[in-house]
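For reference, the structure is listed below as structure tokens.
The values are calculated or read from the model by the stated rules, or taken from the named source; none is laboratory data. Since the model is a prediction, treat every value here as computed from it, not as a measurement. Here the Cβ is made from the backbone with ideal geometry for all residues, glycine too, and neighbour counts use every protein chain on show.
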Protein chains: 4
Amino acid sequence: MTKEPILDVAQLAHFEIYSPKLEESVGFFKNILGMDEVGRKGNSVYMRAYEDHYHNTLIITENDEAGLGHVAWRATSPQALERRVAAIEKSGRGIGWIDGDIGHGRAYQFTTPDGHKMEILWDVDYYEAPEDQKTPLLNRPQKRPSRGVPVRRLDHINVLASETKKNVEFLEEVLGFKVRERILADDNSDVAAWLSVSSLVHDIALMTDALGESGRLHHICYWYGFPQHLSDVADLLIESGYEIEAGPGKHGVTQAAFLYVVEPGGNRVELFGDPGYQIFDPAWKTIEWKGKDLEKAIIWHGSNLPQEFFKYGTPVKSDVLV
Amino acid sequence: MTKEPILDVAQLAHFEIYSPKLEESVGFFKNILGMDEVGRKGNSVYMRAYEDHYHNTLIITENDEAGLGHVAWRATSPQALERRVAAIEKSGRGIGWIDGDIGHGRAYQFTTPDGHKMEILWDVDYYEAPEDQKTPLLNRPQKRPSRGVPVRRLDHINVLASETKKNVEFLEEVLGFKVRERILADDNSDVAAWLSVSSLVHDIALMTDALGESGRLHHICYWYGFPQHLSDVADLLIESGYEIEAGPGKHGVTQAAFLYVVEPGGNRVELFGDPGYQIFDPAWKTIEWKGKDLEKAIIWHGSNLPQEFFKYGTPVKSDVLV
Amino acid sequence: MTKEPILDVAQLAHFEIYSPKLEESVGFFKNILGMDEVGRKGNSVYMRAYEDHYHNTLIITENDEAGLGHVAWRATSPQALERRVAAIEKSGRGIGWIDGDIGHGRAYQFTTPDGHKMEILWDVDYYEAPEDQKTPLLNRPQKRPSRGVPVRRLDHINVLASETKKNVEFLEEVLGFKVRERILADDNSDVAAWLSVSSLVHDIALMTDALGESGRLHHICYWYGFPQHLSDVADLLIESGYEIEAGPGKHGVTQAAFLYVVEPGGNRVELFGDPGYQIFDPAWKTIEWKGKDLEKAIIWHGSNLPQEFFKYGTPVKSDVLV
Amino acid sequence: MTKEPILDVAQLAHFEIYSPKLEESVGFFKNILGMDEVGRKGNSVYMRAYEDHYHNTLIITENDEAGLGHVAWRATSPQALERRVAAIEKSGRGIGWIDGDIGHGRAYQFTTPDGHKMEILWDVDYYEAPEDQKTPLLNRPQKRPSRGVPVRRLDHINVLASETKKNVEFLEEVLGFKVRERILADDNSDVAAWLSVSSLVHDIALMTDALGESGRLHHICYWYGFPQHLSDVADLLIESGYEIEAGPGKHGVTQAAFLYVVEPGGNRVELFGDPGYQIFDPAWKTIEWKGKDLEKAIIWHGSNLPQEFFKYGTPVKSDVLV
């Protein structure tokens, strides 16, 4: 009988990005994506989408360069947290406990082999809407904002790694992630992988960094779930002077209706416009795309991806001009 | 420290309904909902939606009366299966092992306190599309049918119970279901509950049977995920001579875009037209609807539910005229 | 050879409604429907939707009672205007010329047999967006607002008449309207009629006033064209404390995806959520609904219409409680 | 006072295309676009979309080369027909009367300066659905087909011309078309023009043939009106082995959600996925796109157009490889 799956990580809880233009970045998430600012501390601003249940899911921290601050995962129980911390410590990637931050209690920090900083936690603060923001739709933590084209909830993160395989294995073995889909080179080496602990096709994706860099961010993603909202936000972006990098279009991988845009701080943001598909099968066999299938993997239909898509990440490296 | 959650059941795997008009029922799922017939055995027909990954998700068995045959759950691992079987046996609700059926291996059968027959299993057969039905969208097990308005995958089941609370507790304690939302009477007794083992708001719902009966089926549900398809299938249903019971409309509970129709055999079928919302929080606090909030729980907007909705189930009982 | 059709009226140009709560009405159209205030004069406020090409399409005038101020039609040419004015004068329904108003030049005023005040005009002012509101989408007169769920353009008006037939004939004979669809009573008398001069199924509809009153307004309508926006605005309406009278749902008549809500001043507003269908046939044979077909005429699918829908109009009459 | 507009042409009535693979072309329109075959005569097949009101809108005629057979316009009245025939004859472009064809009575044939064959007519046959295809939606001439992703109605035609300006002037002066939008080169010469007699932004478009040829067809277009159907038909096309040339995407010009695909006979077909916008203003000022605005004219968002799009037309000329 095979080993039981690790079911100790429940979900992506929040992420932190760096921005050299803090207020402009905050303005983008607030006015275009309809997110709310719910806290400030030091040079960090805490934000949330209207169907995020926790206090915040996005932290924007002022920094010289754009990039990833950290990624936070929530364990499935306090006991699961302890088990994963033990496993991380055993892997030699642990940093140590922090007391907590706005929106959550103590968390254990660590890094991936590629140097992406992560944390795992159990204690979270739920968002309590002020009276005038409470909605009769009781499963929605606050009213849908009447500003911009509001995203519903945090969806996933996509990071670049100097070597995909090693990082994928770390996430699989130490945290229990499952590889849902992957793209292979002709020599069967990993080019990109989509992993999740939940029914989402990916809570995190890893792609081999075309520039050979380590620790970079490809994009963060918020979710609409309805295709029309990609058209709506495309109008708003264009008429607000933003350049859409790609989309609306539909990936074969994950079946996601996508739109990519770079926020004022320089980080790429994906907006997910339809439900995609979901994985409930506990023994899911990884979907493998390679060779002749790759074209449809990347674009099932609609907008193509520009070359920049495969090179640009944050921090920005000098041989990519945007 | 609180007890750890039971994470041994992964998903709803399939269900069986009874129909006094077998071929007409099969025709409905085939021609209106675009499902495929993939097997026959005895007086049962096995069917699947085009994004169902297992061999089949719907069994229609000829029977004098409409109603529920059984509901099948898939465990998260072989070990998890053994643990749940032990728990079921301890509960006194176990029936015993069967060798399997078309599409799956051995399964352990049991009943809920209300008498709904269920089974839990690990071994499943994946669907292998014939060559001409394979699609370059590798995460889709077969081509999208060009017939009717094809549903994508099985979603959930909703059963009537003479007493909701006792059955909810059975599912929670023995199988690890979590109560995601519930409707309470003024005296705080349970009227209805939506439970899941997955990120779906419900894999199963239970509602108190207004007629006081036991073991009845309220409806089975297949999923579209896109709101337009409810309009499309509404056209097809009306123009094919079916009467839509309710919808398209939107529930507050589960945020589901719904449409209800009775298939020719007499069983109610729900079609789920948008992504609804999902629950990734491992410590989700049950949403409770009662009193003044109830109206929005039932209908957030759009089509109302007729009185029949709250009484009609299968087998049909004589004091409901449809 | 039959007489040639009158092609002298091109379109609905604007309408004026009365509101006892001027600022609240303005707030509704501004914050919920994303319309802009573009002028004020006396106790009137002039507003526009973002794809209205003329200066304004809605005038809200403060008044003791809600109701219709006037409806304005644009002629197809200056010559066509003269011809229609001559015809109106001949009909005995003419009032006379006015010099113009904010957004248009001289106009000829008249009343329908039922007493609804109308005007016909040629000279219009086109909207010139301020620099920061100009869009690179050159066929759109201004940017899509980032506020509320913005309607695109004015669609139609629906009025109640003490006698439908006489008013329909006036519009047909004097102004060249064509009856696109109508509902007939069992005795073949007119219950309601949908008329247009354009390819829209209706620029104006008339319904027999169930209270026997004259000159009342049933509703004004703005257009989205995309079904998702009805769901979006339904969320916004409900969470802003408005009660949706009916919808989203789909009429058989006109194939319109509808939502009805009463604005704070008391006037009913329809929001049209899909393209409906259009009539390009110059010899269109009126669609007639009666008897057994009526149910589908009123609701093709989705939300029902409450009894109030068939009685409530503005000014509100005392025997209708809302 | 300026001259009155010519209002003698009401709409595009039908078009005929040539196909070297007749049965395969018919199969495409039937099985992918859900159209019905309603007649055969000689080597021609007559087809219709389910919301086309006339007997047929598409004629496919077997021919050595793909291309345009003819385009038919319906006059606004019998008198209007006579006036236009007189004007055509005066222009020297007339061919003469034909007795009629399946679906219409006598028609007057002529050619544009570029050699595209057209006809104008008044007498049409309305489609009478067989009993089992009648729908309770009385404004729909037949049931929505349950096959493929059915288009609703004919929309427009787009032709290539060796010189755009001269042909545009012919349509304006002789037939009363209005130029709704146009693309200009840096020297202000016409590159493309969108013209209509109806409220549609275009019933016909003309683009300068990049190969300098005369009389070629760029594409014919059928209309969905709902964006989801472009995604649906994209799935069906890809999984049926067709290559989508471009789309789904959104043009700035006409605000059309588009998808382009080449049917088996070689002719390009556009599918129009949303309502676009409409023109009711009888004095519409032509929208002019040039220079820096061109990029957004061609693609507002989503899929790009490949170079082939600007060269490929039918008949296919040898210096374009597809």
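Provide a single number: the residues in the range C:195-224 that are more than 22 Å from C:Gly176 (Cα to Cα) and among the acidic types (Asp, Glu).
Total satisfying the criteria: 2.
Has the range C:10-27 got any residue that is assigned to a loop (DSSP other than H, G, I, E, B), surrounded by fewer than 19 Cβ atoms within 10 Å (Cβ to Cβ) and over 21 Å from the mean Cα position of the chain (by Cα)?
no
Which of (1) touching a Lys or Arg at 6+ places or on another chain (Cβ under 9 Å); (2) of a type in the set (A, V, I, L, M); (3) within 27 Å of C:Val9 (Cβ to Cβ); (4) part of a strand (DSSP E or B) does D:Ile220 not meet, given it meets every other one?
Against the list (1) touching a Lys or Arg at 6+ places or on another chain (Cβ under 9 Å); (2) of a type in the set (A, V, I, L, M); (3) within 27 Å of C:Val9 (Cβ to Cβ); (4) part of a strand (DSSP E or B), D:Ile220 comes up short only on (3).
Scan the range C:185-207 for residues that are over 15 Å from C:Leu171 (Cα atoms) and outside any loop (DSSP other than H, G, I, E, B) and jot them down.
Residues satisfying the conditions are C:Val191, C:Leu200.
For the range B:1-35, how many residues meet the condition of being under 26 Å from B:Glu65 (Cβ atoms) and either charged (D, E, K, R) or touching a strand residue (DSSP E or B) at 6+ places or on another chain (Cβ under 9 Å) (or both)?
The qualifying residues number 22.
Do you know which residues across the range D:212-250 are of a type in the set (A, V, I, L, M), more than 14 Å from chain B (Cβ to nearest Cβ) and within 30 Å of C:Gly273 (Cα to Cα)?
D:Ile220, D:Ala246
Of the residues in the range C:54-97, how many are part of a loop (DSSP other than H, G, I, E, B), of a type outside the set (Val, Ile, Thr) and within 16 Å of the chain's Cα centre (by Cα)?
Initially, the range C:54-97 is screened for residues part of a loop (DSSP other than H, G, I, E, B), giving C:55-57, C:63-66, C:76-77, C:92-93.
From what's left, of a type outside the set (Val, Ile, Thr): C:55-56, C:63-66, C:77, C:92-93.
Still in the list and also within 16 Å of the chain's Cα centre (by Cα): C:56, C:66.
So the count comes out to 2.
Can you tell me which residues in the range A:298-318 are at the interface with another protein chain (Cβ under 7 Å from one of its Cβ atoms) and within 18 Å of A:Val201 (Cα to Cα)?
Correct list: A:Trp300 only.
Take the conditions within 16 Å of C:Ile32 (Cβ to Cβ) and either away from chain A (no Cβ under 14 Å) or touching a strand residue (DSSP E or B) at 6+ places or on another chain (Cβ under 8 Å) (or both) and apply them to C:Val261. Does it pass?
Yes; evaluated as a whole, the condition is true for this residue.
Out of the residues in the range B:156-184 that are small (Gly, Ala, Ser) and assigned to a loop (DSSP other than H, G, I, E, B), state the one that is surrounded by the fewest Cβ atoms within 10 Å (Cβ to Cβ).
Result: B:Ser162.
Would you confirm, using the coordinates I've provided, whether A:Val85 is under 26 Å from B:Pro5 (Cα atoms) and within 14 Å of chain B (Cβ to nearest Cβ)?
no
Determine, yes or no, whether C:Glu4 is within 14 Å of chain D (Cβ to nearest Cβ), surrounded by fewer than 24 Cβ atoms within 10 Å (Cβ to Cβ), part of a loop (DSSP other than H, G, I, E, B) and without any contact (Cβ under 8 Å) to a residue 24 or more places away in the chain.
yes
Would you confirm whether or not the range D:156-176 contains a residue that is more than 14 Å from chain B (Cβ to nearest Cβ), basic (Lys, Arg) and within 14 Å of the chain's Cα centre (by Cα)? First the steps, then the outcome.
Taking the range D:156-176 and keeping what is more than 14 Å from chain B (Cβ to nearest Cβ), we get D:156-176.
Remaining after also requiring basic (Lys, Arg): D:165-166.
When the remaining residues are screened for being within 14 Å of the chain's Cα centre (by Cα), the result is none.
No; the residues of the range D:156-176 include none that is more than 14 Å from chain B (Cβ to nearest Cβ), basic (Lys, Arg) and within 14 Å of the chain's Cα centre (by Cα).
Residue check: is B:Arg83 in contact with a Ser or Thr (Cβ under 6 Å, 6 or more places away or on another chain) and modelled with pLDDT of 95 or more?
no
Among the candidates B:Leu230, B:Leu321, single out the residue that is surrounded by 24 or more Cβ atoms within 10 Å (Cβ to Cβ) and either modelled with pLDDT of 95 or more or farther than 30 Å from A:Ala72 by Cα (or both). Before the answer, list the steps.
On the way: B:Leu321 fails: surrounded by 24 or more Cβ atoms within 10 Å (Cβ to Cβ).
From the options B:Leu230, B:Leu321, the qualifying one is B:Leu230.
What number of residues within the range D:270-297 are closer than 18 Å to A:Ser231 by Cα and more than 12 Å from chain C (Cβ to nearest Cβ)? Steps first, please.
Taking the range D:270-297 first, the residues closer than 18 Å to A:Ser231 by Cα are D:271-277, D:295-297.
Adding the requirement that they be more than 12 Å from chain C (Cβ to nearest Cβ) leaves D:271.
Adding up the residues that qualify gives 1.
Restricting to the range C:54-78, and then to whatever is away from chain D (no Cβ under 11 Å) and of a type in the set (Val, Ile, Thr), can you tell me which residue is surrounded by the fewest Cβ atoms within 10 Å (Cβ to Cβ)?
Selected residue: C:Thr61.
A:Asp190 fails exactly one of the following numbered conditions: (1) modelled with pLDDT of 95 or more; (2) surrounded by fewer than 23 Cβ atoms within 10 Å (Cβ to Cβ). What is the number of that condition?
The number of the failed condition is (1).
Regarding the range C:139-151, can at least one residue be identified that is on the phi < 0 side of the Ramachandran plot and either away from every other protein chain (no Cβ under 14 Å) or in a strand (DSSP E or B) (or both)?
So far as the range C:139-151 goes, yes, one or more of its residues are on the phi < 0 side of the Ramachandran plot and either away from every other protein chain (no Cβ under 14 Å) or in a strand (DSSP E or B) (or both).
Taking the residues in the range B:40-53 that are assigned to a strand (DSSP E or B) and more than 12 Å from B:His14 (Cβ to Cβ) as candidates, determine which candidate is nearest to the other protein chains (Cβ to nearest Cβ).
B:Val45
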